[in-house]
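Contents: one structure, followed by commentary.
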Amino acid sequence: MPARLGILAGSGRLPRLIADFCAENRRAFFIIGFQGHANPADYAGLPFEQIRLGAVGAVLAALRREGVGEVVMAGGIRRPGLAELRPDGAALRFLLKSGALTLGDDALLTAVTRYLEEEHGFRVVGADSLLGQSLSTPGPLGACKADASARRDLGKGRHILGITGPADIGQAVAVQDGLVLGLEAIEGTDALLERCGGLRRAGPGPVLVKMRKPGQNRRVDLPAVGPETLRAAAAAGFRGIGIDAGGMMFLDRAATIREADRLGLFMEALEPLQAPSATCLPADDR
């Protein structure tokens, strides 16, 4: 029998999807929802406790009390400053040891994974290993297809992420007519779409490319896409999105593809980024 699963929950639908999966498969679980990120109303009737992000000691105590053996991190977390975090003793020791406040997202989550596993004996698992919602082969999804110009923008976006990914700078980029409208940073994908919607040029709309960083630990912060992503892209005037084949979590794959078709947006699964790209652009992109 699998160990009891601890779900460290931020915002969004993914933590609840994991909880529902566990319930359907009769796997014991316990949810820790981070205050200001996870909405307690989303977990009514489920084994749930709300703890503030900086109370690491309380998180560890709750996991041990509930007999948790495996941990999954799921959902969005807005990174707070030190004053807002109000770290307890355990959090402060982790911050001082890891230098976490100055780390990028991937490096920070890798440090958290090591802390949970090496110092406290939990096994960290990926959301995709539980839900099995990732892609496997590149190619178009749904009824709408990318035309030649959109495919060039998808290629440009993939190339850009091959450069920025190793620097731990977000997982998404917006491209139109070969021009980069914006890179995802700390604000997240929805905010990137809204920002770049105001920057789009006349003609066919931009494309969004969202991919796992080269060499990224797939157990944490795997990029995710769901119907909400498609609605945000359509509202911002985008014409389609490219996503990582084999490295993307679907928040309900069938519903996401149906929403893309309803909105007239294409979805294309792209070859994963296997290694850092060169630091210069191809000659035709200079």
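The values are calculated or read from the model by the stated rules, or taken from the named source; none is laboratory data. For clarity, every value in this text was computed on a predicted model and none was experimentally measured. Neighbour counts run over all protein chains shown; Cβ positions are idealised from the backbone, glycine included.
Here is the figure for the stretch 129-184: residues that are of a type in the set (Asp, Glu), under 23 Å from Pro214 (Cβ atoms) and touching a helix residue (DSSP H, G or I) at 6+ places or on another chain (Cβ under 8 Å) total 2. When the stretch 55-80 is filtered for residues that are in a strand (DSSP E or B), at pLDDT below 95 and surrounded by fewer than 21 Cβ atoms within 10 Å (Cβ to Cβ), only Gly76 remains. Is it true that Gly188 is in contact with a Gly (Cβ under 9 Å, 6 or more places away or on another chain), in the same structural domain as Leu230 (by TED's automatic domain parsing) and within 24 Å of Ala255 (Cβ to Cβ)? Criteria met by Gly188.
Only one of the numbered conditions (1) over 27 Å from Asp20 (Cα atoms); (2) in contact (Cβ under 8 Å) with a residue 24 or more places away in the chain is not met by Glu118, and that is (2). Quick check: anything in the stretch 78-87 in contact (Cβ under 8 Å) with a residue 40 or more places away in the chain and of a type outside the set (A, V, I, L, M, F, W, C)? Yes, some residue in the stretch 78-87 is in contact (Cβ under 8 Å) with a residue 40 or more places away in the chain and of a type outside the set (A, V, I, L, M, F, W, C). Summed over the stretch 146-163, residues that are farther than 23 Å from Leu192 by Cα and in contact with a strand residue (DSSP E or B) (Cβ under 6 Å, 6 or more places away or on another chain) total 0. Selection of the stretch 1-35 for residues being of a type in the set (Gly, Ala, Ser) and either over 20 Å from Ala58 (Cα atoms) or without any contact (Cβ under 8 Å) to a residue 40 or more places away in the chain (or both) yields Ala3, Gly12, Ala19, Ala23, Ala28, Gly33.
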